[in-house]
Amino acid sequence: MTSKLTAYWERQLDKMDERQLRQDRQLPGWRTRKHRRALAAVVSAADLGLITGAAIFTTGDDWLYGAVWVSSMLVGASAFVLLRILTGRMSGGFSRLLDEREREWRHRVTYLGFQILSYLMIAAMLYCLLIAHTEDGGVRGAMMLSALLVTGTTIPTIILGWALPDDDPEDFEEGKA
């Protein structure tokens, strides 16, 4: 039974390797620091838009909240997906798929992202305590908590997008990987 599970797991990892190689070949002209930094700035601005939307949230007929929240979510999600593609395996692959340098980068940004997320959750807790006795305090607190949680989960990819050097174009030529 153990050998069957091991063989199954190896096949699944091989499929992931193939899928990752195909993904690494996507958007070859965008794999520059300039493009990644622009997307990192867009994701950061979208995160700030989510936090702003949560701060101005009311349960009344408020179109401003909806416009800020929905536009930030759509723009941020699109830029985040592109940034994940451009940062490649480091932002979401198994360690087996990474070389030593990529593994070290990922461990550093994941640890930093965890620390920042922890501080954001403390900020969300304090915000919830401050608004607990206001009208719709629970809903407003939940909106801020979700905005800060989304922001915290995007931090490692934003850091990778901002800090990674340009890729070597030879790594993405057909027949090489």
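The values are calculated or read from the model by the stated rules, or taken from the named source; none is laboratory data. Note that the structure is a prediction, hence the values are computed from the model and not measured. Cβ sites come from the backbone with ideal geometry, for glycine too, and all protein chains shown count toward neighbours. Remember, those area values only see protein heavy atoms, side chains included, never the ligands or the DNA or RNA. Shrake-Rupley method; radii C 1.70, N 1.55, O 1.52, S 1.80 Å.
Residues in region 133-157 that are more than 11 Å from PHE57 (Cβ to Cβ) and open to solvent by 40 Å² or more (accessible area, probe 1.4 Å): HIS133, THR134, GLU135, GLY138, LEU145, LEU149, VAL150, THR153.
Within region 133-146, being modelled with pLDDT of 90 or more and outside any helix (DSSP H, G or I) holds for one residue alone: HIS133. All of ALA41, ALA55 fail the test of being more than 18 Å from PRO156 (Cβ to Cβ) and open to solvent by less than 60 Å² (accessible area, probe 1.4 Å), apart from ALA55. Scanning region 83-99 for residues that are assigned to a helix (DSSP H, G or I) and either in contact with a Phe, Trp or Tyr (Cβ under 9 Å, 6 or more places away or on another chain) or at pLDDT below 85 (or both) gives ILE85, LEU86, THR87, GLY88, ARG89, MET90, SER91, SER95, ARG96, LEU97. Inside region 40-74, residues that are of a type in the set (A, V, I, L, M, F, W, C) and part of a loop (DSSP other than H, G, I, E, B) make up a count of 2.
Among the residues making up region 24-38, a single one is open to solvent by 60 Å² or more (accessible area, probe 1.4 Å), at pLDDT below 75 and assigned to a helix (DSSP H, G or I): PRO28.
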